[in-house]
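First comes the structure, then the notes that go with it.
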Protein chains: 2
Amino acid sequence: MEIVNPGGYDRPVETQRIDPVNCSVARALAVVGERWSLLIVREALDGARRFGEFRARLGMASNLLATRLDTLVAAGVMRRVPYQEPGDRQRFEYHLTEQGQDLRPTLVALLEWGDKYLADPQGPSVIVRHRPADDDTTCEEPVKVVLECAAGHTHLPPEAVYRAPGPGARFLDTARGPVRS
Amino acid sequence: MEIVNPGGYDRPVETQRIDPVNCSVARALAVVGERWSLLIVREALDGARRFGEFRARLGMASNLLATRLDTLVAAGVMRRVPYQEPGDRQRFEYHLTEQGQDLRPTLVALLEWGDKYLADPQGPSVIVRHRPADDDTTCEEPVKVVLECAAGHTHLPPEAVYRAPGPGARFLDTARGPVRS
DNA sequence: ATACTGAGTTGAGAAAATAAACCCAGGAGG
DNA sequence: CCTCCTGGGTTTATTTTCTCAACTCAGTAT
């Protein structure tokens, strides 16, 4: 007897082992999608560098902070930089790499979305402002993310864009060995 | 005896119960920062609506998908829409709300970052393109996110922006009752 | 009657997050 | 010299989440 899998239960693997993540969004999330990672990057963008600073600002468990920093360093988002306070042993700071700084637009987008839909009743707690290079005038105006296409159409609304397959596209039944975290 | 907390161990709570998250980034991540949430939104932006579609595209466990969809609905990112195939019982689809569609820039930013640093050797698997409203010419050019300030300075590099306190800002030692997940 | 589908639910085991104690090197104070 | 204090972690135990895989249920299709 033992009718195994009689109905349309979850397929017995293999058939639907689709590559859910042959997409840079998924790859990106594998690196910075763990709990706390983006918040660590956010604090780093705001100037935090030392273990204790991150811990104090985020209030997270120290062991988890340690492993997250290691992960971010391994992924190339941060870099361990030795320092030594006068008359103290050598310690390390964690600095963003250029790759880490390039997460800024992502964080601004997330901030904007949060401000729009989940803001504190008193208004946003953080405003992102423009600090121009010092030869320029002081601007200080608030910054937003906008979608812009290569033909110069700018301020595209979300529904004016769509996902098209690119050169590295793989399709559903042919995928093998996905990136999976 | 019982010297509790003799060294600089983790502080016994209370003192450093800083609000780590009085910031819309943290609030946003509380909603869409769980594993799979942003991938579900991405698939929805790409046209997925039914349980099975999400499951087939993402390959995730069905129970987790069910709870994620519930969470996203509760958060206002998606909406349950009843439908009925001819001669079948009523079922539900999951559609993005406007709030959900507004996550597009976040996903484009993440995609761009992933493409820049973690791309497939064959190149990106997905390209975001411009689909103008039908009265316009067909554009189809690739889309990018750019940072732009209210004074009209555009294409700001990540280091040209900084975080300034906004009206809802709270500072470290006065915070109580944080949002925390 | 038996099988098949889409859309879930249930339950066991593995992995990750949290909380809180502990460790270690180098000063400072007695 | 001995003890305390600090910054930067590690260890251990508990709780929460995820994953895997089996099961359910309503309604056609065979």
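Collect the residues in region A:24-35 that are buried (at least 22 other Cβ atoms within 10 Å of the Cβ) and assigned to a loop (DSSP other than H, G, I, E, B), keeping them in residue-number order.
A:33
Which of the residues that make up region A:134-169 are part of a loop (DSSP other than H, G, I, E, B) and more than 7 Å from chain B (Cβ to nearest Cβ)?
A:134, A:135, A:136, A:137, A:138, A:140, A:152, A:155, A:157
Across region B:80-138, what is the total count of residues that are under 21 Å from residue B:36 (Cβ atoms), within 16 Å of DNA strand C (Cβ to nearest atom) and out of contact with any Phe, Trp or Tyr (no Cβ under 8 Å at 6 or more places or on another chain)?
Going through region B:80-138 one residue at a time, the tally reaches 2.
Scan (1) within 14 Å of the chain's Cα centre (by Cα); (2) away from DNA strand C (no atom under 12 Å from the Cβ) for the single condition residue A:33 breaks and write down its number.
For residue A:33, the failing item is (2).
Bear in mind that the values in this text are calculations on the coordinates, not laboratory data. From a predicted model like this one, the values you see are computed outputs, not experimental measurements. Counting neighbours? That spans all protein chains shown, and the Cβs are built from the backbone with ideal geometry, glycine included.
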